[in-house]
Amino acid sequence: MRWQRTARFAIAAFVIIFAGIVFVAMRRTPPVKVTPVATPTDPTAVYQAQGRSDLRRVDKTGKLLFSVTSTGQRLYPDGRSVLEHATLILPDRDGRTITIVGDEAETLAPTDGSSELSKANLKGNVRLTTSDGLTIMSSETTYDDKEGLVNVPGPVTFTRGRMTGKGVGATYDRKKDVIWLLAQAQISVTPDETGSGKLDATAGTAGLARADHYIRLTKPAHIVADTRTIDADDVTAMLTPDDKNVQSMQLRANSRIVGTGDNAQSMSAQDIDLTYAPDGRTLQHARLMERAVAQLAGTGNAPGQRIAARTIDMGLGTDGTTLTDLNAVENVVVDLPAQGDMPAKTIKARSLVGAGTGGAGLQSATFEGPVEYRESRAARGDLAAIDRTARAARLTVETKPGFGDLQQADFRGNVKFIDGETTAEAPRAVYQVEKDRLDLSPSDEPGPSPTVSDPQMVVQARAIELTMSTNALKADTNVRSVLQRKNAQRGGRGGDTTHFPSMLKQDENVTITSNRLEYDSASSRARYVGAARLSQGTTEIKGDTIDIDDKSGNLSARVGVRTRMKLEDVDPKTNQHVLTDTNGTGDSFAYDDAKRLAVYTGTPTAQARLVGAQGDVTGDRIELYLKEDTSELDRLEAEGKVVIVESTRTAFGKHLTYTAADDTYVLTGPTVELYEPQDKGCKKTRAQSFKFRRAVDNIETTGKPVDTQAGVACPARRD
């Protein structure tokens with residue numbers, strides 16, 4: 001019968017089209033009652049019936065098959081049948097029902113004489129209401145049985161609980177149970193009783209699959225939810241079996257997710273896959289593919305870390321924001337924003353792997369190289385500008401929980417750290433970020449021995465600690481440093497001009513070795529401890545400790561001091577200027593650059609000693625005064641138990657003064673003894689003081705009486 005064909009059409013046209021939207025429903029609305037309106041008589045109809053008619057059919061178990069109510073019916077010669085102001089009640093899944101009303105329900109019987117429905121069309125205020133609260137409205141709907149498709153050519157709207165939606169044009173694939181809104185698709189969800197759950201979505205098209213539990217938005221899709229905005233050319237949301245929550249989401253082409261509020265989490269890529277917690281809102285995992293960028297949530301006014309790579313995988317904690325796992329491959333770039341006075345940081349690498357422990361989130365990540373690390377900060381106030389770059393084969397970082405502020409960076413393999421004019425190299429370098437300290441050490445990784453260099457100095461050792469901002473330095477074991485005098489005027493390690501000791505040549509490097517080295521940038525003082533040795537050409541200073549002040553140019557050595565240097569001398573016989581060896585020993589040695597004074601100090605058991613062109617001098621204290629701008633001796637002073645061996649004579653006294661200008665020695669007492677060799681033994685002369693000239697036999701004495709003895713034993717020879 002024709003009314004049966006009409007009922008079948010209604011099932012196809014309404015029930016299946018919009019039943020897929022139930023996954024967004026949160027509240028029920030009652031079915032809409034339609035009041036029949038009188039229909040005018042149509043003279044072209046071959047049969048017409050007016051008045052209310054009801055028909056109900058059940059199966060043998062009493063289950064409803066359908067019921068139809070109308071205010072009239074017309075039958076036309078071409079096989080069309082029209083029900084006026086029809087109301088259809090049809091069974092849905094799980095014992096639910098669907099009510100459909102419309103001004104007209106028109107069906108067309110097939111031309112081949114079969115009893116199957118061919119095409120059908122509903123017009124005028126078409127409304128579908130489900131027993132679980134879904135209402136769909138349109139002005140016209142057509143059904144083609146051959147294609148298995150239902151088409152709504154015009155505007156479509158729907159409501160269910162907190163959700164409303166609309167679009168222009170719709171199709172339903174009966175076999176796949178998939179509905180498409182063909183243009184201008186819009187879906188909105190109002191907040192729940194807690195004020196959350198608000199959602200607004202727009203798309204060129206929207207697809208709803210009841211059987212497979214997904215929704216798809218395309219061409220393009222734009223979703224604004226409580227805490228984020230989602231954009232992509234194509235978005236597919238996979239739903240839980242009850243269609244109430246989102247399980248996962250796939251974004252394809254030009255994908256972007258932006259969190260709401262300042263410094264919120266955001267991400268973008270060509271394609272993005274998302275996995276949610278059971279609540280359907282809390283993000284648990286994200287995979288970003290091609291041109292991937294993830295901006296992590298910041299704190300306060302500070303933005304979070306930015307990660308870019310070809311592909312990024314992120315695992316998140318139960319709060320949906322704390323990073324717990326991180327994997328990134330190809331062209332990895334991590335930007336860590338400045339925090340307070342700390343500089344901004346950028347890390348570039350081939351790949352990145354990070355994993356957290358416990359519930360604190362990610363706190364460690366490894367970058368595989370080649371790795372490039374950079375710190376930068378513009379100068380402001382009392383803060384100097386920073387531009388540091390490090391390169392290595394691999395880098396492991398430790399951060400605050402959730403991949404927060406960087407605390408330590410462990411560089412491995414051919415490490416090279418550049419900070420302005422300072423360069424640090426080693427097989428391994430551990431950068432303690434909060435301490436602003438770089439620790440260089442050996443390891444199984446490739447690379448040069450730990451080395452720090454700048455225009456003034458190169459330091460090598462088994463281990464080196466370098467404070468980056470001040471250039472303070474500590475070195476331990478097999479320390480070797482080279483002071484590069486040719487670059488001294490370019491500025492010292494602390495930034496000020498260095499002052500190299502003028503007792504040394506100004507155009508030659510100086511090498512210092514020791515067991516340990518500590519450079520204090522605040523005092524511009526370098527201390528070498530343990531078998532310390534300074535050398536420049538033939539000049540050498542040895543001691544247990546050597547201290548150099550690179551601002552004043554002062555130098556000192558202590559404990560077991562031995563020195564060797566070349567001093568300019570005028571030969572008294574030829575009157576020619578020559579360089580002669582001058583060797584000294586003592587418990588300590590100090591050079592005052594401003595006074596051009598070198599002082600040797602002895603101990604009660606080991607006196608200071610100086611051996612040079614001016615003779616062999618021993619005393620408790622020996623002072624050498626150098627002439628300005630030369631390495632020529634101006635005068636020599638010796639104090640306390642002084643012994644002078646000059647030419648063939650040996651003298652003992654308390655104070656000695658040697659003046660280079662006239663090669664004169666003055667030795668004072670209270671009692672001075674002078675020994676001169678004779679054929680047998682020595683002649684001993686005692687006086688209050690002696691005055692004699694270098695390599696001249698004439699001797700002057702002062703004070704009375706003068707005591708002279710011949711043939712006494714000569715003083716023991718000094719080695």
Any trypsin sites (Lys or Arg not before Pro) in region 498-598 that lie in a DSSP loop and have at most 16 other Cβ atoms within 10 Å would be Lys505, Lys551, Lys573, Lys595
When the charge dipole of the chain is computed with +1 at the Cβ of Lys and Arg and -1 at the Cβ of Asp and Glu, the Cα pointing farthest to the positive end, of Gly553, Asn575, Gly280, is that of Gly280
Note to self: with every protein chain in place and a 1.4 Å probe, the chain gives an accessible area per residue in Å² of 47
For region 421-456 the trypsin sites (Lys or Arg not before Pro) that pass both the DSSP coil test and the at-most-14 other-Cβ-within-10 Å test are Lys435
Only helices counted: for the chain, with every DSSP H run of 4 or more residues adding -39500 (n - 2.57) and the sum spread over all residues, [θ] at 222 nm is -500 deg cm²/dmol
Extension length gain for Asn698 and Ser248 (0.36 nm per residue less Cα distance), in nm, is 151.0 nm
Carbon/sulfur accessible area of region 270-335, % of total, 1.4 Å probe, equals 48
Reviewing [x] 200; [y] 245; [z] 216, the figure for volume of the Cα convex hull per residue in Å³ actually calculated from this model sits under [z]
Karplus ³J(HN,Hα) for region 457-469 (6.51 cos²θ - 1.76 cosθ + 1.60, θ = phi - 60°; Hz, whole; x = Gly/Pro) runs 8, 10, 10, 10, 6, 5, 9, 9, 10, 10, 7, 5, 6
Correct semi-axes for region 631-719, from √(5λ) of the alpha-carbon gyration tensor and rounded to whole Å with the largest first, are 21, 15, 12
Excluding ligands, DNA and RNA, the carbon-plus-sulfur percentage of the accessible area of region 132-240 with a 1.4 Å probe reads 55
The set of residues whose placed amide H lies less than 5 Å from the amide H of His499, leaving out same-chain residues fewer than 5 positions away, is Lys551, Gly553
Of the listed pairs Lys505/Lys542; Lys63/Lys244; Lys505/Lys627; Lys348/Lys400, those with alpha carbons more than 24 Å apart are Lys63/Lys244
Computed about the Cα centre, the charge dipole of the chain from +1 Lys/Arg and -1 Asp/Glu charges at the Cβ has a magnitude in debye, to the nearest 20, of 1380
Note, region 621-638: 3J(HN,Hα) by Karplus (6.51, -1.76, 1.60, θ = phi - 60°), whole Hz, Gly/Pro = x, goes 8, 10, 10, 10, 10, 9, 6, 5, 6, 9, 9, 8, 6, 8, 7, 10, 10, 10
Computed curve, region 597-648, Cα-only Debye sum without solvent term, log₁₀ I(q)/I(0) at 0.12, 0.25, 0.32 Å⁻¹, is -0.26, -0.93, -1.24
Everything considered on the Cα gyration tensor (a ≥ b ≥ c; rounded for a/c under 1.5, else prolate if a/b is larger than b/c, else oblate), region 551-630 must be described as oblate
Out of Thr451, Ala531, Ser481 - ranked by how far each Cα lies towards the positive end of the dipole of the chain, with unit charges on the beta-carbon of charged residues - the top one is Thr451
Between Leu65 and Asp212, Cβ-based FRET efficiency (R0 22 Å, step 0.05) works out to 0.20
When the charge dipole of the chain is computed with +1 at the Cβ of Lys and Arg and -1 at the Cβ of Asp and Glu, the Cα pointing farthest to the positive end, of Gly167, Thr194, Leu440, is that of Gly167
Carbon/sulfur accessible area of region 599-706, % of total, 1.4 Å probe, equals 48
Residues whose built amide H sits under 5 Å from the amide H of Lys198, excluding neighbours closer than 5 in sequence, are Asp192, Asp226
Each label sits 7 Å from Cα toward the beta-carbon; between Asp192 and Leu75 the label points are separated, in nm, by 5.4
In terms of the alpha carbon gyration tensor, root eigenvalues a ≥ b ≥ c, rounded if a/c is under 1.5 and otherwise prolate when a/b exceeds b/c or oblate, region 508-548 is oblate
Residues whose modelled amide H sits under 5 Å from the amide H of Gly447, counting only those 5 or more places away in sequence or on another chain, are Asn414
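The values are calculated or read from the model by the stated rules, or taken from the named source; none is laboratory data. Since this is a predicted model, take the numbers as computed values, not measurements. When we count neighbours, we look across all protein chains shown, and the Cβ atoms used for this are built from the backbone with ideal geometry, even at glycine. The area values use the complete protein model at the heavy-atom level, side chains included, leaving out ligands, DNA and RNA. Shrake-Rupley method; radii C 1.70, N 1.55, O 1.52, S 1.80 Å.
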